[in-house]
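The values are calculated or read from the model by the stated rules, or taken from the named source; none is laboratory data. Computed from a prediction, not measured in an experiment: that's the story for all the values here. Positions of Cβ are generated from backbone atoms using ideal geometry, with glycine treated the same way; all protein chains shown enter the neighbour counts. Accessible surface areas use protein heavy atoms only, side chains included; no ligands, DNA or RNA. Shrake-Rupley method; radii C 1.70, N 1.55, O 1.52, S 1.80 Å.
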Amino acid sequence: MPASYAYLGPEGTFTEVALRTLPEAATRELIPYVSVQSALDAVRVGEAEAAFVPIENSVEGGITTTLDELVAGTPLMIYREVLLSITFALLVRPGTKLSDIKTVTAHPAAQPQVRNWLKTHLPDAVWESAASNADGARLVQEGRYDAAFAGEFAAARYGLEALETGIHDAENAQTRFVLVGRPARPAAPTGADKTSVVLWQRDDHPGALRDLLGEFASRGINLMLLQSRPTGAGIGNYCFCIDAEGHISDRRMAEALTGLKRICLQVRFLGSYPRADVRPGEVRPPFPGTSDEEFAGAADWVARCQDGRF
(Lines give C-alpha, C1' and ligand atoms only; values in the text may rest on other atoms or scores of the structure.)
Protein backbone atom coordinates (compact mmCIF):
# COMPACT_ATOMS: atom_id res chain seq x y z
CA MET A 1 0.00 0.00 0.00
CA PRO A 2 1.53 3.39 -0.97
CA ALA A 3 2.40 5.75 1.88
CA SER A 4 -0.02 8.43 0.68
CA TYR A 5 -3.23 10.06 1.78
CA ALA A 6 -5.87 11.15 -0.71
CA TYR A 7 -7.96 14.20 0.14
CA LEU A 8 -10.66 16.39 -1.35
CA GLY A 9 -8.73 18.87 -3.47
CA PRO A 10 -7.43 20.80 -5.18
CA GLU A 11 -4.74 22.36 -2.98
CA GLY A 12 -6.07 25.04 -0.67
CA THR A 13 -9.21 23.32 0.64
CA PHE A 14 -10.31 23.32 4.25
CA THR A 15 -9.87 19.55 3.96
CA GLU A 16 -6.15 19.96 3.30
CA VAL A 17 -5.79 22.36 6.24
CA ALA A 18 -7.54 19.88 8.56
CA LEU A 19 -5.51 16.95 7.21
CA ARG A 20 -2.23 18.72 7.96
CA THR A 21 -3.18 18.87 11.66
CA LEU A 22 -2.68 15.08 11.86
CA PRO A 23 0.89 14.24 12.95
CA GLU A 24 1.05 11.29 10.54
CA ALA A 25 0.29 13.58 7.58
CA ALA A 26 3.89 14.84 7.78
CA THR A 27 5.15 11.36 6.83
CA ARG A 28 2.74 10.77 3.92
CA GLU A 29 2.46 12.08 0.40
CA LEU A 30 -0.75 14.13 0.30
CA ILE A 31 -2.55 13.77 -3.03
CA PRO A 32 -5.55 15.98 -3.94
CA TYR A 33 -8.52 14.41 -5.73
CA VAL A 34 -11.32 16.20 -7.53
CA SER A 35 -14.16 14.74 -5.43
CA VAL A 36 -14.99 12.82 -2.29
CA GLN A 37 -15.89 9.83 -4.46
CA SER A 38 -12.56 9.76 -6.26
CA ALA A 39 -10.60 10.16 -3.00
CA LEU A 40 -12.40 7.20 -1.41
CA ASP A 41 -12.11 5.14 -4.59
CA ALA A 42 -8.34 5.69 -4.48
CA VAL A 43 -8.35 3.78 -1.19
CA ARG A 44 -10.62 1.05 -2.52
CA VAL A 45 -8.37 0.33 -5.51
CA GLY A 46 -5.10 0.62 -3.55
CA GLU A 47 -3.86 3.94 -4.94
CA ALA A 48 -3.79 5.48 -1.44
CA GLU A 49 -3.38 4.23 2.10
CA ALA A 50 -6.26 6.38 3.36
CA ALA A 51 -8.53 9.24 2.32
CA PHE A 52 -9.38 12.37 4.28
CA VAL A 53 -12.82 13.84 3.59
CA PRO A 54 -15.48 16.06 5.21
CA ILE A 55 -18.41 14.19 6.78
CA GLU A 56 -20.42 16.67 8.87
CA ASN A 57 -20.77 20.36 9.60
CA SER A 58 -22.41 22.04 12.55
CA VAL A 59 -24.76 24.13 10.39
CA GLU A 60 -26.24 21.67 7.90
CA GLY A 61 -25.44 18.28 9.44
CA GLY A 62 -24.07 15.30 7.53
CA ILE A 63 -22.25 15.71 4.21
CA THR A 64 -24.50 13.48 2.13
CA THR A 65 -21.91 12.75 -0.56
CA THR A 66 -19.53 11.27 2.01
CA LEU A 67 -22.24 9.40 3.89
CA ASP A 68 -23.59 7.85 0.69
CA GLU A 69 -20.11 6.76 -0.37
CA LEU A 70 -19.55 5.05 2.98
CA VAL A 71 -23.01 3.42 2.86
CA ALA A 72 -22.50 1.90 -0.60
CA GLY A 73 -19.69 0.09 -2.39
CA THR A 74 -16.75 -1.83 -0.99
CA PRO A 75 -16.66 -1.33 2.81
CA LEU A 76 -14.31 1.25 4.27
CA MET A 77 -13.54 2.17 7.88
CA ILE A 78 -13.04 5.42 9.79
CA TYR A 79 -9.82 5.65 11.81
CA ARG A 80 -9.56 9.28 12.92
CA GLU A 81 -11.59 12.47 13.00
CA VAL A 82 -10.66 16.15 13.05
CA LEU A 83 -12.78 19.19 13.94
CA LEU A 84 -11.95 22.46 12.18
CA SER A 85 -13.50 25.86 12.85
CA ILE A 86 -14.73 27.36 9.59
CA THR A 87 -15.00 30.96 8.42
CA PHE A 88 -15.06 32.00 4.79
CA ALA A 89 -13.47 34.72 2.74
CA LEU A 90 -14.92 36.10 -0.48
CA LEU A 91 -12.11 35.60 -3.00
CA VAL A 92 -12.01 37.65 -6.20
CA ARG A 93 -9.62 38.57 -8.98
CA PRO A 94 -7.57 41.67 -8.10
CA GLY A 95 -9.49 44.89 -8.73
CA THR A 96 -12.94 43.34 -8.41
CA LYS A 97 -15.44 45.36 -6.35
CA LEU A 98 -18.51 44.04 -4.57
CA SER A 99 -20.73 45.74 -7.13
CA ASP A 100 -18.97 43.81 -9.93
CA ILE A 101 -19.96 40.41 -8.57
CA LYS A 102 -22.76 38.71 -10.52
CA THR A 103 -21.82 35.05 -9.96
CA VAL A 104 -20.43 33.24 -6.90
CA THR A 105 -19.34 29.65 -6.31
CA ALA A 106 -18.26 27.24 -3.58
CA HIS A 107 -18.85 23.68 -2.41
CA PRO A 108 -22.58 22.99 -1.81
CA ALA A 109 -21.94 22.51 1.92
CA ALA A 110 -20.71 26.12 2.11
CA GLN A 111 -23.97 27.68 0.93
CA PRO A 112 -25.97 27.14 4.15
CA GLN A 113 -23.09 28.66 6.10
CA VAL A 114 -23.07 31.94 4.13
CA ARG A 115 -26.70 32.14 2.95
CA ASN A 116 -27.70 35.12 5.10
CA TRP A 117 -24.50 37.03 4.32
CA LEU A 118 -25.09 36.44 0.63
CA LYS A 119 -28.71 37.62 0.89
CA THR A 120 -27.62 40.82 2.65
CA HIS A 121 -24.56 41.75 0.60
CA LEU A 122 -25.06 40.10 -2.81
CA PRO A 123 -28.81 39.48 -3.11
CA ASP A 124 -28.77 39.32 -6.93
CA ALA A 125 -25.69 37.16 -7.36
CA VAL A 126 -26.20 33.76 -8.98
CA TRP A 127 -24.87 30.78 -7.01
CA GLU A 128 -23.16 27.87 -8.81
CA SER A 129 -21.79 24.85 -6.97
CA ALA A 130 -18.15 23.74 -7.28
CA ALA A 131 -16.51 20.40 -6.47
CA SER A 132 -14.77 22.04 -3.49
CA ASN A 133 -14.22 25.55 -2.14
CA ALA A 134 -10.67 25.61 -3.49
CA ASP A 135 -11.92 24.42 -6.87
CA GLY A 136 -14.29 27.38 -6.79
CA ALA A 137 -11.29 29.65 -6.24
CA ARG A 138 -9.58 28.05 -9.23
CA LEU A 139 -12.67 28.69 -11.38
CA VAL A 140 -12.62 32.35 -10.33
CA GLN A 141 -8.95 32.52 -11.29
CA GLU A 142 -9.90 31.17 -14.72
CA GLY A 143 -12.61 33.83 -15.09
CA ARG A 144 -15.59 31.47 -15.01
CA TYR A 145 -17.08 33.09 -11.90
CA ASP A 146 -16.71 36.48 -10.25
CA ALA A 147 -16.16 35.31 -6.67
CA ALA A 148 -15.74 32.22 -4.53
CA PHE A 149 -16.33 31.47 -0.87
CA ALA A 150 -13.22 29.69 0.39
CA GLY A 151 -10.58 29.86 3.08
CA GLU A 152 -8.60 33.10 3.10
CA PHE A 153 -5.45 30.96 2.89
CA ALA A 154 -6.45 29.89 -0.65
CA ALA A 155 -6.18 33.42 -2.06
CA ALA A 156 -2.42 33.42 -2.64
CA ARG A 157 -2.50 29.90 -4.12
CA TYR A 158 -4.87 31.04 -6.88
CA GLY A 159 -3.69 34.60 -7.42
CA LEU A 160 -6.81 36.10 -5.85
CA GLU A 161 -7.49 38.59 -3.10
CA ALA A 162 -9.88 38.45 -0.18
CA LEU A 163 -12.51 41.12 -0.70
CA GLU A 164 -14.29 40.18 2.56
CA THR A 165 -13.14 37.93 5.42
CA GLY A 166 -14.64 36.35 8.51
CA ILE A 167 -17.85 35.41 6.70
CA HIS A 168 -20.19 33.04 8.54
CA ASP A 169 -23.87 32.96 9.42
CA ALA A 170 -23.37 30.85 12.57
CA GLU A 171 -20.85 31.59 15.29
CA ASN A 172 -18.36 28.82 16.08
CA ALA A 173 -19.23 26.83 12.96
CA GLN A 174 -17.19 23.65 12.62
CA THR A 175 -16.72 20.92 10.05
CA ARG A 176 -15.83 17.35 10.99
CA PHE A 177 -13.40 15.45 8.77
CA VAL A 178 -12.56 11.75 8.86
CA LEU A 179 -9.57 9.64 7.86
CA VAL A 180 -10.92 6.59 6.03
CA GLY A 181 -9.03 3.40 5.15
CA ARG A 182 -9.63 -0.21 4.30
CA PRO A 183 -11.15 -2.41 7.03
CA ALA A 184 -8.77 -3.62 9.75
CA ARG A 185 -8.69 -4.04 13.51
CA PRO A 186 -9.87 -0.82 15.22
CA ALA A 187 -7.35 1.07 17.31
CA ALA A 188 -7.39 0.37 21.03
CA PRO A 189 -9.98 2.32 23.03
CA THR A 190 -8.89 5.64 24.51
CA GLY A 191 -11.81 6.22 26.88
CA ALA A 192 -13.08 9.02 24.61
CA ASP A 193 -14.23 7.18 21.51
CA LYS A 194 -16.97 7.09 18.92
CA THR A 195 -18.46 4.18 16.97
CA SER A 196 -20.10 4.65 13.56
CA VAL A 197 -22.50 2.21 11.89
CA VAL A 198 -25.10 2.07 9.13
CA LEU A 199 -28.33 0.17 9.78
CA TRP A 200 -30.92 -1.27 7.39
CA GLN A 201 -34.36 -2.31 8.71
CA ARG A 202 -35.75 -5.75 7.85
CA ASP A 203 -39.14 -4.23 7.08
CA ASP A 204 -41.18 -1.09 7.61
CA HIS A 205 -43.50 -1.38 10.62
CA PRO A 206 -44.71 0.82 13.50
CA GLY A 207 -41.87 1.30 15.95
CA ALA A 208 -39.17 -0.05 13.60
CA LEU A 209 -36.80 2.85 14.24
CA ARG A 210 -37.57 2.71 17.96
CA ASP A 211 -36.49 -0.95 17.94
CA LEU A 212 -33.12 0.01 16.46
CA LEU A 213 -32.56 2.93 18.80
CA GLY A 214 -33.67 0.84 21.77
CA GLU A 215 -30.59 -1.35 21.41
CA PHE A 216 -28.52 1.73 22.29
CA ALA A 217 -30.91 3.31 24.80
CA SER A 218 -31.36 0.18 26.91
CA ARG A 219 -27.59 0.06 27.40
CA GLY A 220 -27.18 3.75 28.22
CA ILE A 221 -25.35 4.58 24.97
CA ASN A 222 -25.69 8.18 23.81
CA LEU A 223 -26.12 8.87 20.09
CA MET A 224 -24.19 11.75 18.52
CA LEU A 225 -25.52 11.55 14.96
CA LEU A 226 -28.64 10.00 13.43
CA GLN A 227 -29.24 10.63 9.76
CA SER A 228 -31.43 8.77 7.30
CA ARG A 229 -30.27 8.19 3.74
CA PRO A 230 -32.36 6.74 0.88
CA THR A 231 -31.42 3.21 -0.16
CA GLY A 232 -32.39 3.72 -3.80
CA ALA A 233 -35.05 1.02 -3.51
CA GLY A 234 -37.94 3.50 -3.78
CA ILE A 235 -39.66 6.28 -1.85
CA GLY A 236 -39.76 5.58 1.87
CA ASN A 237 -36.82 3.14 1.88
CA TYR A 238 -34.04 4.43 4.13
CA CYS A 239 -30.96 3.28 5.98
CA PHE A 240 -29.69 5.07 9.09
CA CYS A 241 -26.20 6.45 9.67
CA ILE A 242 -25.41 6.55 13.40
CA ASP A 243 -22.52 7.81 15.53
CA ALA A 244 -22.60 6.63 19.12
CA GLU A 245 -20.44 7.30 22.17
CA GLY A 246 -18.11 4.43 22.99
CA HIS A 247 -15.87 1.78 21.44
CA ILE A 248 -16.71 -1.63 20.02
CA SER A 249 -14.52 -3.19 22.70
CA ASP A 250 -16.82 -1.74 25.41
CA ARG A 251 -19.14 -4.49 26.59
CA ARG A 252 -22.25 -2.33 26.30
CA MET A 253 -21.37 -1.27 22.75
CA ALA A 254 -20.54 -4.84 21.72
CA GLU A 255 -23.86 -6.05 23.09
CA ALA A 256 -25.75 -3.24 21.34
CA LEU A 257 -24.13 -4.15 18.02
CA THR A 258 -24.90 -7.82 18.64
CA GLY A 259 -28.54 -6.94 19.18
CA LEU A 260 -28.63 -4.79 16.06
CA LYS A 261 -27.09 -7.56 13.98
CA ARG A 262 -29.89 -9.88 15.12
CA ILE A 263 -32.77 -7.54 14.21
CA CYS A 264 -31.44 -5.59 11.22
CA LEU A 265 -31.44 -6.66 7.61
CA GLN A 266 -27.87 -5.40 7.40
CA VAL A 267 -25.36 -3.64 9.64
CA ARG A 268 -22.26 -1.94 8.26
CA PHE A 269 -19.56 -1.21 10.85
CA LEU A 270 -17.75 2.03 9.96
CA GLY A 271 -15.25 1.99 12.79
CA SER A 272 -14.48 2.85 16.41
CA TYR A 273 -12.03 5.74 16.73
CA PRO A 274 -10.91 8.55 19.06
CA ARG A 275 -13.23 11.52 19.42
CA ALA A 276 -11.72 14.76 18.22
CA ASP A 277 -13.11 16.65 21.22
CA VAL A 278 -11.52 14.09 23.58
CA ARG A 279 -14.64 14.02 25.75
CA PRO A 280 -15.21 10.66 27.44
CA GLY A 281 -18.62 9.10 26.92
CA GLU A 282 -20.78 8.78 30.00
CA VAL A 283 -23.52 6.35 30.92
CA ARG A 284 -26.58 8.57 31.37
CA PRO A 285 -28.83 7.96 34.36
CA PRO A 286 -31.19 6.25 34.87
CA PHE A 287 -29.25 3.38 33.31
CA PRO A 288 -27.88 1.21 36.12
CA GLY A 289 -26.19 -1.99 35.11
CA THR A 290 -24.54 -0.64 31.96
CA SER A 291 -20.89 -0.49 32.99
CA ASP A 292 -18.40 -2.94 31.50
CA GLU A 293 -17.96 -4.51 34.95
CA GLU A 294 -21.70 -5.08 35.31
CA PHE A 295 -21.96 -6.58 31.81
CA ALA A 296 -19.01 -8.89 32.58
CA GLY A 297 -20.47 -9.85 35.94
CA ALA A 298 -23.84 -10.70 34.40
CA ALA A 299 -22.20 -12.81 31.68
CA ASP A 300 -20.15 -14.64 34.31
CA TRP A 301 -23.32 -15.36 36.31
CA VAL A 302 -25.03 -16.87 33.23
CA ALA A 303 -21.94 -19.02 32.59
CA ARG A 304 -21.97 -20.25 36.18
CA CYS A 305 -25.66 -21.08 35.91
CA GLN A 306 -24.97 -23.08 32.77
CA ASP A 307 -22.29 -24.99 34.66
CA GLY A 308 -24.52 -25.55 37.69
CA ARG A 309 -22.35 -23.30 39.87
CA PHE A 310 -24.95 -20.71 40.81
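Out of V92, W301, G73, whose Cα points farthest toward the positive end of the dipole of the chain (charges: +1 Lys, Arg; -1 Asp, Glu; placed on Cβ)?
Result: W301, furthest along the dipole toward the positive end.
For the pair I31/T190, report the inter-label distance in nm, with labels modelled 7 Å from Cα in the Cβ direction.
Between I31 and T190, the label points sit 2.7 nm apart.
At what distance in nm do the modelled label points of R182 and T87 sit from each other, each positioned 7 Å from its Cα along Cα→Cβ?
With each label point 7 Å from Cα toward Cβ, the separation is 4.3 nm.
Suppose we look only past 24 Å in the calculated P(r) of region 69-220. What percent of the Cα-Cα pairs does that tail hold?
Here the long-distance tail beyond 24 Å is 52 percent of all Cα pairs in region 69-220.
Given Cβ point charges of +1 (Lys, Arg) and -1 (Asp, Glu) and nothing else, what value in debye, to the nearest 20, does the dipole of region 156-245 about its Cα centre take?
480 debye
What FRET efficiency do you get for R309 and K261 if R0 is 45 Å and r is their Cβ-Cβ distance, rounded to the nearest 0.05?
On the way: r = 30 Å, r/R0 = 0.66.
So, using R0 = 45 Å, E works out to roughly 0.95.
Helix 292-306 against the longest principal axis of the chain: what's the angle in degrees, Cα atoms only, rounded to the nearest 10?
Computed tilt is about 30 degrees.
Would you mind telling me the share, in percent, of accessible area of the chain contributed by carbon and sulfur at probe 1.4 angstrom?
On the way: 7620 of 14810 Å².
Result for the chain: 51 percent of the exposed heavy-atom area is carbon or sulfur.
Of the labelled options [x] 39, 27, 15; [y] 28, 22, 20; [z] 42, 20, 18, which one gives semi-axes √(5λ) of the Cα gyration tensor in Å as computed for this structure?
[z]
What's the whole-number percent of alpha carbon pairs in region 12-142 lying beyond 21 angstrom?
47 percent
Keeping every protein chain present and rolling a 1.4 Å probe, give me the accessible area per residue for region 1-160 in Å².
Working: 6650 Å² over 160 residues.
Per residue, region 1-160 has an accessible area of 42 Å².
What number comes out for accessible area per residue over region 198-250 if the probe is 1.4 Å? Units Å², please.
Normalised by residue count, the accessible surface of region 198-250 is 49 Å².
In debye, nearest 20, what is the charge dipole magnitude of the chain about its Cα centre with +1 on Lys and Arg Cβ and -1 on Asp and Glu Cβ, if you could check?
440 debye
On the Cα set of region 161-205, report Rg and Dmax in Å, please.
Taking only Cα atoms of region 161-205, I get Rg and Dmax of 19.2, 56 Å.
Please give the contour-minus-distance gain from D277 to A156: 0.36 nm per residue of separation, less the Cα-Cα distance, rounded to one decimal in nm.
On the way: separation 121, 0.36 × 121 = 43.56 nm, distance 3.11 nm.
Difference between extended and current length: 40.5 nm.
How much net charge surrounds S4 when only the other residues with a Cβ under 10 Å from the Cβ of S4 are counted, with Lys and Arg +1 and Asp and Glu -1?
-2
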